[in-house]
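**Student:** Quick one: structure below, then a few questions.
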Amino acid sequence: MESQTEQSPVVVENLCKAFGKQKVLNGLNLQVASGETVAVLGKSGTGKSVLLKLLIGLRKPDSGAIRIHGQDITGLDAARLNDLRRRIGFLFQQAALYDSLSVEENVAFPLRRHSSDAPQRQKEKVQELLQSVGMQDHGQKMPSEISGGMQKRVGLARALVLDPDILLFDEPTSGLDPITAAEIDDLIVELREKRNLTAIVVTHDVRGARSFARRLVLLREGKIAAEGSFEDLQKSDDRFVQQFVKAAA
């Protein structure tokens, strides 16, 4: 029987990353099982967003291994890394939509670059994804014409357009009002249930993480300080962990 490590689509081992004298990640170990949604929490500057950038090869670690579907991406050449990236969807913190493209064109952009589907099929897929995130009536609008929450929804549709099996979220509810943030949290739950995606969600929102992730990972000084369910973290004797979770109690 395969070990848990071999089965896990995302495996991080002894990951280290420093910027100058500042150690951001210091021997981080993390596994995410197939179909699991994990929330990564921590104070600002603890390496949460850096971890995501390392996972898709936007930055190189100083040492350690990152295995995506069994492949250590730290040693891949550009072509092989780009092939693997197509299996990973990424929702950026500010949605990162192209200002000069409409909502539909933003979602279609990865398809036009990487898909051999006929134009009509691409259009149908874009419409299906916009409907799945509640944006079907806004396809012709420009990013500047829709709210921040709507932009996050469009960014999510774009992240899904190449049918990834791993999805990475960088602060998906940052800057949103509580109602809109809860709607985004609900979408993350819906994705887990309907698509069986493996997801890592970097967030500062403990309350939201509690709603969509069965496992919470709390970083401190470049390593995991605690992990488990919200209830597990509540039971921790560690003062730092207690302080972090009490706001969502």
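**Student:** Could you list all residues from segment 150-170 that are open to solvent by 20 Å² or more (accessible area, probe 1.4 Å) and of a type in the set (D, E, K, R)?
**Tutor:** So the first thing to find is which residues in segment 150-170 are open to solvent by 20 Å² or more (accessible area, probe 1.4 Å), and the list is 150-151, 153, 158, 162-163, 165.
Selection gives Arg153, Arg158, Asp163, Asp165.
**Student:** In segment 216-239, how many residues are touching a Lys or Arg at 6+ places or on another chain (Cβ under 6 Å) and touching a residue at least 60 places away in the same chain (Cβ under 8 Å)?
**Tutor:** Total meeting the criteria: 1.
**Student:** Pick from segment 29-54 the residues that are assigned to a strand (DSSP E or B) and in contact with a Lys or Arg (Cβ under 6 Å, 6 or more places away or on another chain): which of them is surrounded by the most Cβ atoms within 10 Å (Cβ to Cβ)? Quick ask: steps written out before the conclusion?
**Tutor:** Keep residues of segment 29-54 that are assigned to a strand (DSSP E or B), which gives 29-32, 37-41.
Filter once more, so that each one left must be in contact with a Lys or Arg (Cβ under 6 Å, 6 or more places away or on another chain): 37-38, 40.
Working: Thr37: 23, Val38: 21, Val40: 28.
Among those residues, the one meeting the criterion is Val40.
**Student:** Going by what's in this entry, would Ile146 be described as touching a residue at least 24 places away in the same chain (Cβ under 8 Å) and buried (at least 20 other Cβ atoms within 10 Å of the Cβ)?
**Tutor:** On the way: touching a residue at least 24 places away in the same chain (Cβ under 8 Å): yes; buried (at least 20 other Cβ atoms within 10 Å of the Cβ): no.
For Ile146, the condition - touching a residue at least 24 places away in the same chain (Cβ under 8 Å) and buried (at least 20 other Cβ atoms within 10 Å of the Cβ) - is not met.
**Student:** Sticking with this one: Can you pull out the residues in segment 215-230 that are modelled with pLDDT of 90 or more and open to solvent by 40 Å² or more (accessible area, probe 1.4 Å)?
**Tutor:** Answer for segment 215-230, where residues must be modelled with pLDDT of 90 or more and open to solvent by 40 Å² or more (accessible area, probe 1.4 Å): Arg215, Arg220, Lys223, Ile224, Glu227.
**Student:** Can I ask one more? Out of all the residues in segment 133-143, which are more than 13 Å from Leu191 (Cβ to Cβ), open to solvent by less than 10 Å² (accessible area, probe 1.4 Å) and not in a helix (DSSP H, G or I)?
**Tutor:** Met135, Gly139 - these are the residues of segment 133-143 that are more than 13 Å from Leu191 (Cβ to Cβ), open to solvent by less than 10 Å² (accessible area, probe 1.4 Å) and not in a helix (DSSP H, G or I).
The values are calculated or read from the model by the stated rules, or taken from the named source; none is laboratory data. The shown structure was predicted, so the numbers you read here are calculated from the model rather than taken from an experiment. Methodologically, a virtual Cβ is constructed for each residue, glycine included, from the backbone with ideal geometry; neighbour enumeration extends over all protein chains shown. Heads up: the accessible areas ignore ligands, DNA and RNA and are worked out on the full protein's heavy atoms, side chains in. Shrake-Rupley method; radii C 1.70, N 1.55, O 1.52, S 1.80 Å.
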